[in-house]
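K.L.:
Quick one: this structure, given as structure tokens, is what I'll be asking you about.
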There are 2 protein chains.
Amino acid sequence: MKYSGQTRVHVAVDCIIFGFDGENFKLLLIKRGFEPEMHRWSLMEGFIQPDESLGAGAQRVLKQLTGLEGVYLEQIPAFGEPNRDPMERTISVPYFALVDIQKYEAQLSFDYQAEWFLLSETPNLIFDHNAMVKMAKTRLRYKAAFHPILFELLPDKFTLQQLHTLYEKLYENTFDKGNFTRKVLSTGLLVRLKEKDKEHSRKGAFYFKLDREKYHNNFEAFLNFIPSLDKVIG
Amino acid sequence: MKYSGQTRVHVAVDCIIFGFDGENFKLLLIKRGFEPEMHRWSLMEGFIQPDESLGAGAQRVLKQLTGLEGVYLEQIPAFGEPNRDPMERTISVPYFALVDIQKYEAQLSFDYQAEWFLLSETPNLIFDHNAMVKMAKTRLRYKAAFHPILFELLPDKFTLQQLHTLYEKLYENTFDKGNFTRKVLSTGLLVRLKEKDKEHSRKGAFYFKLDREKYHNNFEAFLNFIPSLDKVIG
DNA sequence: TCAAAAGTGTTTGGGCTACACCCATGG
DNA sequence: CCATGGGTGTAGCCCAAACACTTTTGA
């Protein structure tokens with residue numbers, strides 16, 4: 001027996017892929033390779049396969065484009081307006097991804113004509129992808145205000161200065177350097193390395209890496225790197 | 001032209017319907033009326049119709065059961081394991097609903113053999129509905145810690161005592177009465193009525209109602225009725 | 001007049017902000 | 001020896017938690 005008479009629809013996953021180049025937030029987009037809207041800028045997406053969960057689909061699609069596995073992915077609310085895809089009804093479950101932009105560049109796939117755009121200079125996208133990007137950004141801001149997920153955007157070793165810039169860019173705000181440093185270090189999530197970055201200053205700034213164990217244990221914990229939340233989010 | 005060769009699947013919306021009877025959290029469940037798993041306890045659900053958005057589907061399904069419109073609904077992450085529904089592949093987009101239990105009782109529909117269960121005594125549900133309930137509860141706790149959504153569960157006029165109990169039950173914790181009152185009133189979201197509830201005390205407690213305008217303007221604002229968040233959520 | 005709940009006041013301490021200051025080093 | 005960014009110290013303020021206290025009224 002089946003659910004006879006009930007309509008079936010396509011289900012897709014879309015990836016909103018964020019990166020940080022040390023200076024600015026970026027978004028990885030592709031040139032759509034099939035109709036409708038062929039050759040226009042689009043999020044990387046794919047249809048859910050018969051024996052695949054949503055999360056697995058998102059991982060697959062992301063890997064297809066970037067070659068990366070084990071990337072941070074988080075589902076955001078589904079988009080299901082009846083005519084969002086003019087070809088055929090398709091419900092999309094979007095995921096935002098946080099990738100270390102350097103790792104990606106190492107294994108770039110040319111198949112999709114992918115390009116990193118400054119988040120602030122995102123081109124006009126197909127369907128409702130603009131709205132998806134906007135929602136993903138809102139969610140990222142929200143989540144990152146409470147949880148330490150932004151480390152996913154940085155290389156394995158990084159300076160406090162990089163982390164500081166990352167937060168300032170995301171929230172389009174300035175945060176006191178001293179207070180920021182103290183808050184971050186007080187979490188105990190970071191381990192100071194012996195090596196210093198000497199490129200950006202005479203004195204040199206220590207590199208840090210994540211204490212992976214503490215990081216995973218505190219993933220759901222509430223941190224507070226951001227002052228005056230209500231002014232900064234929304 | 002169509003997306004030929006791509007599989008189509010059923011998409012359903014599920015409603016996790018929360019209520020509060022003044023003393024405890026409750027969950028509205030139905031006896032499933034069709035195969036598979038007929039006659040077992042289930043969330044209220046329905047398949048998405050051809051010209052219906054996800055949100056509209058959730059509203060429709062909720063109205064079908066309760067007769068209520070304009071209820072607070074919030075989408076939570078979709079469930080898409082390939083075999084979550086043994087009959088045919090179905091991806092479910094769950095919504096949690098906050099209803100004033102009194103309004104509902106006025107227009108109960110007997111068609112679904114619906115019953116309110118204590119949240120703490122939820123029976124075993126079909127498919128992955130147990131997981132949905134769990135996720136909805138987690139989300140509700142999270143959201144309510146920052147945003148003033150719990151008023152949706154109360155009648156139009158209510159006492160601070162009721163509100164206080166509501167928060168204590170949701171977080172399975174006690175909160176200092178004085179501090180709680182001060183925090184709530186300091187938001188300016190409540191208007192004190194002249195009438196008092198004389199049933200629960202000799203002195204009588206003032207009824208309050210929402211200042212609807214301020215409420216809607218502050219819906220996304222960050223409040224903080226809950227002390228020591230990290231101990232209480234998670 | 002007493003019990004019981006409503007509602008108000010007051011002290012205290014921790015933590016956050018703002019800002020000043022020292023440190024290290026290459027030129 | 002100075003400019004530059006890295007990093008630390010600290011005073012003050014605000015706010016929340018804890019808890020004591022007053023108010024009201026039915027029995």
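Each value in this text was obtained by applying a stated rule to the coordinates, not by laboratory testing. No experiment lies behind these values; they were computed from the predicted model shown. No Cβ is skipped: glycine too gets one built from the backbone with ideal geometry, and neighbour counts run over all protein chains shown.
K.L.:
What does DSSP give for the protein assembly as shown in terms of the percent of beta bridges that are antiparallel, rounded to the nearest 5?
P.N.:
Numbers: 53 of 71 bridges.
Within the protein assembly as shown, antiparallel bridges account for around 75 percent of the total.
K.L.:
Could you order peptides A:160-167, A:54-61 by the average number of other Cβ atoms within 10 Å of their residues, highest first?
P.N.:
Highest-to-lowest ranking by the protection proxy: A:54-61, A:160-167.
K.L.:
While we're looking at this one, here's another question. How large is the dipole of the range A:119-234 about the Cα centre if only Lys and Arg carry +1 and Asp and Glu carry -1, each at its Cβ, rounded to the nearest 20 debye?
P.N.:
Numbers: 20 positive and 14 negative charges, 91 e Å.
Using only the charged Cβ atoms, the result is roughly 440 debye.
K.L.:
Would you kindly state the longest site-free stretch of chain B, with sites defined as GluC sites (Glu not before Pro) in a DSSP loop (not H, G, I, E, B) surrounded by at most 15 other Cβ atoms within 10 Å?
P.N.:
Longest site-free region, per DSSP loop and neighbour criteria: B:89-171.
K.L.:
Consider the operator that turns chain B into chain A: which B residue has a Cβ nearest its axis, and what is that gap in Å?
P.N.:
B:ARG8, 2
K.L.:
Can I ask one more? What size of dipole, in debye to the nearest 20, comes out for chain A about its Cα centre when the only charges are +1 on Lys and Arg C-beta atoms and -1 on Asp and Glu C-beta atoms?
P.N.:
For this selection, approximately 820 debye.
K.L.:
Could you tell me the relative contact order of chain A? Use alpha-carbon pairs under 8 Å, at least six residues apart, and round to a whole percent.
P.N.:
In percent, rounded to a whole number, it is 21.
K.L.:
Ignoring everything except DSSP H segments at least 4 long, calculate the 222 nm mean residue ellipticity for chain A; use -39,500 (n - 2.57) per segment, divide by total residues, nearest 500.
P.N.:
Taking each H run of at least 4 residues, the total per residue is -8500 deg cm²/dmol.
K.L.:
How big is chain B along each principal axis, measuring the range of its Cα positions in Å and listing the largest first?
P.N.:
The principal-axis extents, from largest down, are 67, 35, 33 Å.
K.L.:
If you line up the Cα atoms of the protein assembly as shown on their principal axes, what length do they span on each, largest first, in Å?
P.N.:
Largest first, the protein assembly as shown extends 73, 58, 37 Å along its Cα principal axes.
K.L.:
Moving to a separate point now. For chain B, give me the percentage of DSSP beta bridges that are antiparallel, rounded to the nearest 5 percent.
P.N.:
75 percent
K.L.:
Still on this structure, I have one more. Distance between Cα centroids, the range A:125-187 to the range A:41-70: provide it in whole Å.
P.N.:
24 Å
K.L.:
Counting only DSSP beta bridges with both residues in the range B:10-126, tell me the antiparallel percent, nearest 5.
P.N.:
Expressed as a percentage, antiparallel bridges in the range B:10-126 total about 70.
K.L.:
Then there's this: Quick one: 3J(HN,Hα) in Hz for the range B:142-153, Karplus 6.51/-1.76/1.60 with θ = phi - 60°, rounded, Gly and Pro as x.
P.N.:
5, 4, 5, 6, 10, 10, x, 8, 5, 4, 4, 8
K.L.:
Convex hull volume of the Cα atoms in the range A:149-225, per residue, in Å³?
P.N.:
Per residue, the Cα convex hull of the range A:149-225 comes to 100 Å³.
K.L.:
Sorting A:THR174, B:THR187, A:THR159 on the 10 Å Cβ count, fewest up front, what's the list?
P.N.:
On the way: A:THR174 10, B:THR187 16, A:THR159 21.
Going from least to most buried by this count: A:THR174, B:THR187, A:THR159.
K.L.:
Ok, one more. Could you tell me which of the pairs A:LYS26/A:LYS63; A:LYS137/B:LYS169; B:LYS143/B:LYS198 are separated by over 27 angstrom between their Cα atoms in the structure shown?
P.N.:
Flagged as over cut-off: A:LYS137/B:LYS169; B:LYS143/B:LYS198.
K.L.:
Per-residue mean of other chain beta-carbon atoms within 10 angstrom of the beta-carbon, peptide A:55-66?
P.N.:
Per-residue shielding by partner chains comes out at 1.
K.L.:
Calculate how steeply helix B:160-171 sits against the longest principal axis of the alpha-carbon atoms of chain B, using the helix alpha-carbon long axis, and give the answer as 0 to 90 degrees to the nearest 10.
P.N.:
Helix B:160-171 sits at roughly 40 degrees to that axis.
K.L.:
Using only Cα atoms, what Kirkwood radius does the range A:10-126 have, in angstroms?
P.N.:
14.5 Å
K.L.:
Further question on the same structure: What are the label-to-label distances in nm, one decimal and shortest first, from B:TYR142 to the same spot in the other copies, with labels 7 Å along Cα to Cβ?
P.N.:
0.9
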